[in-house]
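Heads up: the structure comes next, in structure tokens.
The values are calculated or read from the model by the stated rules, or taken from the named source; none is laboratory data. Everything numeric here is computed off the predicted structure, so don't read it as measured data. Here the Cβ is made from the backbone with ideal geometry for all residues, glycine too, and neighbour counts use every protein chain on show.
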Amino acid sequence: MIKMLFNSIQFLIFFPIVVLVYFLLPHRFRWILLLISSYYFYMSWKAEYIILIIISTLVDYTAGLQIHKSKSHSRKKYFLLLSILTNLGLLFAFKYFNFFSDSLRALLSSLSIQLNPMTLKVLLPVGISFYTFQTLSYTIDVYRGKIKPEKHLGIFAVYVSFFPQLVAGPIERAKNLLPQFYKKYYFDYKRTTDGIKLMLWGFFKKVVIADRLAYFVNLAYSNPGDYTGLTLLLATVFFAFQIYCDFSGYSDIAIGAAQIMGYSLMDNFKRPYFSKSISEFWKRWHISLSTWFRDYLYIPIGGNRVSIPRWYLNLLIVFVVSGLWHGANWTFVVWGGLHGFYMLYEVATQKLRDRIARGLRLDKVVWLRQGLQMLVVFILVNIGWIFFRANSLSDAIHILQVIFTETSFNFTELNLFISAGELLLCIALIGFMEFVHVIQEHRSIRHFMSDKPLLLRWSVYALLIMMILLLGVFNQTEFIYFQF
């Protein structure tokens, strides 16, 4: 089979066929179509790994039913632990075992102890972190009594494997998504066109912006020692927009595809680079994951209902675990820890920073203060992205040193790295996207366009399609978050 990427011809054939058959089928058979389609979609990557999804599905389906009907608290906890250990055990084996094995080897070697721990020769199953967290949230919610267990095994299997959001989210809660599979949806022109528009916007962000920027980011970060500060700085800023356009583009396509069939998925991004604080950034970036960690890790370990030192520790734990969730590499751990430090600093200095702002009378010039806040947050986030994108900690530290210690700008090297025309095109495309974001900050773009003349609306849609066709990079580059 050929990998079923959203930005592939295979998906553009697969999806309309699924939608057509979906609306032709009687409602009672639609879950069968969705399950077959979802399994086929996932098996196009590596067919054997569908077994992992089936294991998680069967374990959590059984655990949910047993938790609900068990009278004793200890028995409920037993099945909860069964679910947690099974899911996290699979995740650890396929994603983290070699990381911890290699880290242990390096630690022992530093102590002059020679030992070769075992490693596993396995490929990382695509999307394992996403569907593992999704199905785990179901079992935990049943245990907490927030939802009743799903009795229909087929419907539950669709919830775990629903193809639009299977491999990169949004990480949906059972309370939101499961009931939707019981509703009968009819073809709706407005809902369908809205879904197509959202998918087009996602494709624009992915193939026009993200994949165009990816070429330059990969070039610089593959050999950071070959470039000076200005080039590495540009590549880092490009990566900030690449990863946003790549991941939010996927989310837009997923949400739009589900919407066409009638299903409503949660928003996963809300223009994060407009954030005026790190805490706001995490309310706008990968919302389904940040809220998952809030509800299933941060609050259970005490949240902010503890002493201040313990509260700070809770924040740090959550961000370090979040970094590890993203990848089995110390670069991701440092990235998560860095954001944890940002949060601690933000919380600890809030009153002081407010006093300084009042002293400088910045509270009287709201637009200036907010602009400075957004700039500072963007800089801090970009420092974090260096660790996120770098191939190793040594590369990340080298890039930071070069960017912050370079005393002169090498424009000749920059011109060899990227032509003036290509640079202007990239800036123009990012500027166009941010112009749309400015509108979205105040009003839904769909509502903004709805009262415009028909000719103008269709001209904008045609322009977006032409930009995708003429400026898109159609090399079927995988979405960044597929590796997580």
The number of residues in segment 39-82 that are touching a Phe, Trp or Tyr at 6+ places or on another chain (Cβ under 8 Å), small (Gly, Ala, Ser) and closer than 23 Å to residue 130 by Cβ is 3
Criterion first (farther than 28 Å from residue 328 by Cα and either assigned by TED's automatic domain parsing to the domain that holds residue 154 or among the charged types (D, E, K, R) (or both)) does residue 69 satisfy it?
yes
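For every residue, the table says whether it meets (1) at pLDDT below 95; (2) not assigned by TED's automatic domain parsing to the domain that holds residue 357.
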position: 174; (1), (2): no, yes
position: 177; (1), (2): no, yes
position: 195; (1), (2): yes, no
position: 213; (1), (2): no, no
position: 229; (1), (2): yes, no
position: 257; (1), (2): no, no
position: 262; (1), (2): no, no
position: 273; (1), (2): no, no
Taking segment 91-119 and keeping residues farther than 16 Å from residue 331 by Cα and free of Cβ contacts under 8 Å to residues at least 12 places away in the same chain leaves 92, 107, 108, 109, 110, 111, 112, 113, 114, 115, 116
Among residues of segment 357-393 being basic (Lys, Arg) and in contact with a helix residue (DSSP H, G or I) (Cβ under 6 Å, 6 or more places away or on another chain), the residue nearest to residue 320 (Cα to Cα) is 389
When segment 34-75 is checked residue by residue, the ones that are over 30 Å from residue 183 (Cβ atoms), of a type in the set (D, E, K, R) and over 24 Å from the mean Cα position of the chain (by Cα) are 48, 71, 75
Restricting attention to segment 24-34, the residues that are surrounded by 19 or more Cβ atoms within 10 Å (Cβ to Cβ) and not aromatic (Phe, Trp, Tyr) number exactly 2
- Answer yes if at least one residue in segment 411-428 is among the β-branched types (Val, Ile, Thr) and surrounded by fewer than 10 Cβ atoms within 10 Å (Cβ to Cβ), and no otherwise. yes
Residue hits (segment 153-191; closer than 18 Å to residue 53 by Cβ and polar (S, T, N, Q)) are 161, 165
Residue hits (segment 90-145; closer than 21 Å to residue 65 by Cβ and among the acidic types (Asp, Glu)) are 141
In segment 446-472, residues that are in contact (Cβ under 8 Å) with a residue 24 or more places away in the chain, within 21 Å of residue 428 (Cα to Cα) and assigned to a helix (DSSP H, G or I) total 6
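This table checks each residue for (1) among the aliphatic types (A, V, I, L, M); (2) part of a helix (DSSP H, G or I).
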position	(1), (2)
233	yes, yes
248	no, yes
259	no, yes
302	no, no
Of the residues in segment 325-350 that are in contact (Cβ under 8 Å) with a residue 40 or more places away in the chain and small (Gly, Ala, Ser), the one that is nearest to residue 280 (Cα to Cα) is 327
If we take segment 331-442, then helices (runs of 4 or more DSSP H) inside it with 3 or more residues that are of a type in the set (Asp, Glu) are 420-442
Okay, helices (runs of 4 or more DSSP H) sitting entirely in segment 104-180 with 3 or more residues that are small (Gly, Ala, Ser), I get 153-161
query: Has segment 231-242 got at least one residue that is touching a residue at least 40 places away in the same chain (Cβ under 8 Å) and closer than 22 Å to residue 442 by Cβ?
result: yes
If we ask which residues in segment 399-409 are in contact with a helix residue (DSSP H, G or I) (Cβ under 6 Å, 6 or more places away or on another chain) and either of a type outside the set (A, V, I, L, M) or within 19 Å of residue 280 (Cβ to Cβ) (or both), their number turns out to be 2
Any residue at all in segment 263-272 that's under 30 Å from residue 405 (Cβ atoms) and either assigned to a helix (DSSP H, G or I) or among the hydrophobic types (A, V, I, L, M, F, W, C) (or both)? yes
